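Worksheet: the structure to be examined is printed underneath.
The values are calculated or read from the model by the stated rules, or taken from the named source; none is laboratory data. Remember, predicted model here, so these are calculated numbers, not experimental data. Neighbour counts run over all protein chains shown; Cβ positions are idealised from the backbone, glycine included.
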Amino acid sequence: MRVFIVFVLLISFLYAKKDFYYGFIDSSGAQISQKRTQEITDGFRIIEHARALSKEGKISEAYSQINTFKKQNTIKILDSDLIILNSELSLKKKMKRLIIEAAKELEEAINDSRIHEEDLARAYMVLVELKLNMNKSKDATYFANIIINNFDNKIIKAYGKIYLAKVYRHQKFYSKAISVLYKVLTETTDVLVATIVADELFDVYILDDKREEAYELISKVLKKNMDYYAEDSFLALEKVNRLIKVGMPEFAVEILEELLKRTDKPSSIEDFKFKLAGTYMEMYDRTDKYLTKSKELYKDIINDYPDASYFKKSKMYLDEILMRERKINPAVLATKYENSESMQQKILLQELLNDKFQKKYDLILKSKKIYKKISNTITKRFGYESVDSIFDEVNIDMIKDYLSRGKCFLLNNALKTSRNETLELLIKDEKIKYQFFECLIEVPYEKAYLLLKETFNNSRDANIYLYLERMALVLKKYEEAVNFSAKVEMVDNKEVLSKEFLYRFLVLNEKNDSLALDKYFNYAYQNQNFISDNKNNPLIIDFYYSYYLYLLKKDLKDEALKILEKLYTKQNETKAHIYSPFVEIELSKIEQKNNNNRQALNLLLDALEYTRRMKPNDLAQTYYEIIKLYEEFNNNLKKEEFINKCKSIENTEDSLYKKMCDEM
């Protein structure tokens, strides 16, 4: 955890402090010697140099320098600054042993009055941070309240409240922390205080899962006071790391770009460029945009700093980028970086992505176990949440390929290896969603149906309900189909109701529920437009047949005749004589009543032509009706021919017509 170094005592105060001590007398009243004066000056210079190193992010160097000097120091007036700075650096080192030692030393120094009065507030702030790092919230609360209650300065009191909010954050009392910080923010007119509050409030928002508020806040802070971060490299890089960790790398980029503008030190430029390149790599969006930015930065480091600490890593990351751009074969890098586990995983992942790009779906699925070893950290670097999400895309691409080629029969094999997440992605793809649904109806797959049912259970999309009804129908889940039919009706979309009209009939027909069917046919009678809308649908043939019988039952003979004629016409159009010879016999009877015996005979002869494999009982009835008509025409030759045909029929079951033929 970082500590905010300068709150009350500005740098100028240090110089005022130096002027006082080496320009006048010591505590005993004696004039300070020139040598002692120089020692004090040198001591403050060492302290200031360590602070500068700390700001540059060189924490180990700064700590080593201060720790060594503190052990050698004999000038008591330097103790206050040394002890506080040592504590701050211990916090930045993030080593538990150092933090415990620093906390003990700082607390003792405060109690022994070795901390100057003007440094007390800052000492207490550092002590709060130390206690929190030691998980001593009660002590931290105590010291935060001292800052609030024992200092009259408004700004110091504000800092005390900020540190109390830090305690609340540590205790996970996020609402309390937000309340305290927000109050300070609304009351202060100090820009630095407001910035520090906003910085702390950002962290609390993230922990409290208020990302939108955090996003808006950091955006405003960087616009209003970028100096807060840009003037302290350590503070800036800590913030950069947190922003990357919480998924807001775009703000990390803003800070790093500003740091690069403000420095002319080669080591800092190298550090910032390397960090910026790595941040761009984290922002990879499966386009060349951020890879190109990273590549240029790594090239700069390689060309400008050949002896620097990041040279080798930059070369490796540049190779990674070239591999991802498909300019280097992964196999080449596999040999080059055989001792790097992370590079080996990246190489393996790139091979997977290359196969995906080349549509080698079967090869990928066969090698699934090999790719499972790739960590999520690596996949996220390549723009994927996990290896599973890549397999999802492979399955989706494979399914899309099957759909584009109309290979619905291959769909089930792909679906069997798909996760629910894969199907969810397919459903969200508006371009192929309905094509996918049609395939699931053509080649039913229960797992997909169950997922769709769960996903769209509370939908208001009548089309989705219609597809689910049709899927349930082909899976023989008739009760579920009825439920979806009811949902289609509930949405009351006339266009979809018209499309659903015949599927509802099929569902009820399969259920063989006579009461439900009668209710449906009454619904059809009330919505004649739905019948005409579906006249070109081959499914209408079954509907016409059953509807005809319903109309006869209701003694609606004229309407029944119209439906019978439509059934006859549709069977001829589609060459699907499913209900022959029934249709022709019924029409023949009507023609005979109207004295159109020639037409009646033609209808029956046509029925024989249409139906080559007529059931024995139907064939006997058709022959008998033909015999009777030829008798009307006095055509004994034909009459005898059909009598013989009728007598030769085998395998009839309780056929009255066959019996009458046999008696002729």
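Can you give me the number of residues within the stretch 389-421 that are among the small types (Gly, Ala, Ser), surrounded by 14 or more Cβ atoms within 10 Å (Cβ to Cβ) and outside any helix (DSSP H, G or I)?
The total comes to 1.
What's the number of the condition Met664 fails, among (1) of a type outside the set (Lys, Arg); (2) within 20 Å of Leu587 (Cβ to Cβ); (3) at pLDDT below 90?
In the conditions (1) of a type outside the set (Lys, Arg); (2) within 20 Å of Leu587 (Cβ to Cβ); (3) at pLDDT below 90, Met664 misses (2) alone.
For the stretch 428-446, which residues satisfy the criterion of being assigned to a helix (DSSP H, G or I) and either in contact with a Ser or Thr (Cβ under 9 Å, 6 or more places away or on another chain) or not aromatic (Phe, Trp, Tyr) (or both)?
Lys428, Lys433, Gln435, Glu438, Cys439, Leu440, Ile441, Glu442, Glu446, listed by residue number.
Residues Lys407, Lys447, Lys336, Lys431: which one is within 25 Å of Thr287 (Cα to Cα) and of a type in the set (D, E, K, R)?
The conditions single out Lys431.
I'm trying to understand the selection: among the residues of the stretch 341-388, which are in a helix (DSSP H, G or I), aromatic (Phe, Trp, Tyr) and crowded, with 16+ Cβ neighbours inside 10 Å?
Tyr361, Tyr371
With the stretch 513-563 as the region, which helices (runs of 4 or more DSSP H) entirely inside it contain at least 1 residues that are more than 26 Å from Glu479 (Cβ to Cβ) and either outside the structural domain of Ile590 (by TED's automatic domain parsing) or not basic (Lys, Arg) (or both)?
528-533, 540-553
Any chance you could count how many residues in the stretch 235-269 are free of Cβ contacts under 8 Å to residues at least 24 places away in the same chain and among the acidic types (Asp, Glu)?
2
Let's see how each residue does on (1) within 21 Å of Tyr384 (Cα to Cα); (2) surrounded by 18 or more Cβ atoms within 10 Å (Cβ to Cβ):
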site	(1), (2)
Leu259	no, yes
Ile269	no, yes
Gly278	yes, yes
Tyr290	yes, yes
Ser314	no, yes
Arg324	yes, yes
Ala331	no, no
Asn339	no, no
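Take Ser80 and decide whether it is out of contact with any strand residue (DSSP E or B) (no Cβ under 7 Å at 6 or more places or on another chain), closer than 22 Å to Leu235 by Cβ and hydroxyl-bearing (Ser, Thr, Tyr).
no
Somewhere in the stretch 116-133, is a residue of a type in the set (Phe, Trp, Tyr), in a helix (DSSP H, G or I) and either on the phi > 0 side of the Ramachandran plot or surrounded by fewer than 22 Cβ atoms within 10 Å (Cβ to Cβ) (or both)?
The answer is no; no qualifying residue exists.
If I filter the stretch 463-480 for residues that are under 28 Å from Leu410 (Cα atoms) and polar (S, T, N, Q), do I get at least one hit?
There is at least one residue in the stretch 463-480 that is under 28 Å from Leu410 (Cα atoms) and polar (S, T, N, Q).
State all residues of the stretch 568-578 that are touching a helix residue (DSSP H, G or I) at 6+ places or on another chain (Cβ under 9 Å) and part of a helix (DSSP H, G or I); if no residue qualifies, say none.
Of everything in the stretch 568-578, those that are touching a helix residue (DSSP H, G or I) at 6+ places or on another chain (Cβ under 9 Å) and part of a helix (DSSP H, G or I) turn out to be Tyr568, Lys570, Gln571, Asn572, Thr574.
Quick one: Ile218 ticks every box in (1) within 20 Å of His170 (Cα to Cα); (2) assigned to a helix (DSSP H, G or I) bar one, so which box is it?
So the condition that Ile218 fails would be (1).
Can you name the number of the only condition in (1) surrounded by fewer than 16 Cβ atoms within 10 Å (Cβ to Cβ); (2) more than 21 Å from Tyr298 (Cβ to Cβ); (3) touching a residue at least 12 places away in the same chain (Cβ under 8 Å) that Asp232 fails?
All conditions pass for Asp232, except number (1).
Could you grab me the full set of residues in the stretch 594-634 that are of a type in the set (Val, Ile, Thr) and either in contact with a Pro (Cβ under 8 Å, 6 or more places away or on another chain) or free of Cβ contacts under 8 Å to residues at least 12 places away in the same chain (or both)?
Hits for the stretch 594-634 are Thr611, Thr622.
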